[in-house]
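Down below is the structure, laid out as structure tokens.
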Protein chains: 2
Amino acid sequence: MSRADEALRAARELLEQDGPDAMTMRRVADRVGIRAPSLYKHVPDKAELELRLVAEGLQELGRALRGAGPGLAELARAYRAWGLAHGRLYSLMTERPLPRERLPEGLEASAAAPLLEAVDGDTDRARAAWASAHGLLALELAGRFPAGADLDAAWAAMVAAFAG
Amino acid sequence: MSRADEALRAARELLEQDGPDAMTMRRVADRVGIRAPSLYKHVPDKAELELRLVAEGLQELGRALRGAGPGLAELARAYRAWGLAHGRLYSLMTERPLPRERLPEGLEASAAAPLLEAVDGDTDRARAAWASAHGLLALELAGRFPAGADLDAAWAAMVAAFAG
DNA sequence: GTCTATACCCGGATAGAC
DNA sequence: GTCTATCCGGGTATAGAC
């Protein structure tokens, strides 16, 4: 495993376990077992590390979605499950513009394909459904709903709206 | 206008015009015309400033929603318009848990009322619809959709899903 | 490819004089 | 209620020796 890959692993662990503020070049270096300045011999800068994390997350989320059973309900379940299991990475993937020109060709389309298929190729409907799932997940991850809120029921209502 | 109110205005201007990283106690103080340490004679800490901004935003958003025409389409239009006009504040309001116990009584319910009424008191459906609007708005604010995406159409598809 | 030293920047917040 | 001085923490990144 190259130092660059080790750095990527370390960055992801810091992000997922301790949050975005913990993902600093100093701490990544610590985890790799070198000093921060040495990190720059293997990774150009922090932005590159983040870019690779986003690409990795998109790849994994796409795989989870392609592996889901047919229908919007199963797709929603898989989306939510992956997002909850990788909340910090999910946020990193969705809170800023996607640097599409620096991402592997077809990566975004590959992740979007299952949903697009589920809505018979209707792009507007696909965007609305994606955004709805994203909104529910983002608010859930942010702890923004009241304590007793029945989120399973909210997800079911969302699926029903788009399926019905 | 008290110094505390001046600080609130300054914080909001910095947030809305230059983004969350620009909203520092030093810059707020600069704008008020005093030194940063003096700010602490008027405001306990930065968290309090942010809390008041969230309360102010919730109040304004609620007013915008209550002023909207009847129906989900008009509600969605008002929600999106307010969010786009106050993107940074909107993000601050939605990206972390609401400190409900420190907010004016009834503020959240008052903002939620128009939507709850539009879905005939169905809480699950209201949460799903709110989250959908939030997701669309959040992704739009984040610049997360591809350049040519027809977001008006996506909003229409979302409204149709919940109305139909 | 690693290190030490460092440049340069920033943040929130407090102490104590006036 | 304002100030200066300061504490204490942090960050990204580079220079130059080894």
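The values are calculated or read from the model by the stated rules, or taken from the named source; none is laboratory data. From a predicted model like this one, the values you see are computed outputs, not experimental measurements. Every residue, glycine among them, receives a Cβ derived from its backbone with ideal geometry; neighbour counts consider all protein chains shown.
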Tell me, yes or no, whether region A:83-93 has at least one residue that is modelled with pLDDT of 95 or more, closer than 26 Å to A:M25 by Cα and not in a helix (DSSP H, G or I).
yes
Exactly one of (1) of a type in the set (K, R); (2) in a helix (DSSP H, G or I); (3) within 11 Å of chain A (Cβ to nearest Cβ) is unmet by B:R96. Its number?
(2)
Of the residues in region B:71-82 that are out of contact with any Leu (no Cβ under 9 Å at 6 or more places or on another chain) and in a helix (DSSP H, G or I), the one that is nearest to B:E16 (Cα to Cα) is B:A81
Search region A:1-24 for residues that are over 16 Å from A:L92 (Cβ atoms) and free of Cβ contacts under 8 Å to residues at least 60 places away in the same chain and pair each with any residue that is charged (D, E, K, R) and loosely packed, with under 13 Cβ neighbours inside 10 Å when their beta-carbon atoms are under 8 Å apart and the residues are at least 6 apart or on different chains.
A:R3/A:K41
Look through region B:141-150, keep the residues that are assigned to a loop (DSSP other than H, G, I, E, B) and more than 8 Å from chain A (Cβ to nearest Cβ), and return whichever of them is surrounded by the fewest Cβ atoms within 10 Å (Cβ to Cβ).
B:G148
So is B:A111 facing chain A (nearest Cβ under 10 Å), part of a helix (DSSP H, G or I), more than 16 Å from DNA strand D (Cβ to nearest atom) and not charged (D, E, K, R) or not?
no
Filter result for B:A73 (free of Cβ contacts under 8 Å to residues at least 12 places away in the same chain and surrounded by fewer than 19 Cβ atoms within 10 Å (Cβ to Cβ)):
no
Considering residues that are under 25 Å from B:L84 (Cβ atoms) and either among the polar types (S, T, N, Q) or near DNA strand D (Cβ under 8 Å from one of its atoms) (or both), the number found within region B:1-23 is 1
Checking A:D30, A:D21 in turn, the sole residue that is within 15 Å of DNA strand C (Cβ to nearest atom), within 24 Å of the chain's Cα centre (by Cα), modelled with pLDDT of 95 or more and charged (D, E, K, R) turns out to be A:D21
Just to be sure I understand the filter: pairs with C-beta atoms under 9 Å, separated by 6 or more residues or on different chains, first member in region B:36-48 and over 11 Å from B:A4 (Cα atoms) and in contact (Cβ under 8 Å) with a residue 12 or more places away in the chain, second member assigned to a loop (DSSP other than H, G, I, E, B) and within 6 Å of DNA strand C (Cβ to nearest atom). Which pairs pass?
B:K46/B:T24
Read through the list (1) assigned to a loop (DSSP other than H, G, I, E, B); (2) within 11 Å of chain B (Cβ to nearest Cβ), then give the number of the only condition that A:R125 fails.
(1)
Can you tell me which residue among B:A112, B:A153, B:A81, B:A138 is crowded, with 16+ Cβ neighbours inside 10 Å and over 19 Å from A:P97 (Cα atoms)?
B:A112
Out of all the residues in region A:43-62, which are surrounded by 18 or more Cβ atoms within 10 Å (Cβ to Cβ) and either within 16 Å of DNA strand C (Cβ to nearest atom) or part of a loop (DSSP other than H, G, I, E, B) (or both)?
A:V43, A:L49
Region A:38-60 - residue that is under 17 Å from A:R80 (Cα atoms) and within 14 Å of chain B (Cβ to nearest Cβ) and, of those, farthest from DNA strand D (Cβ to nearest atom)
A:L58
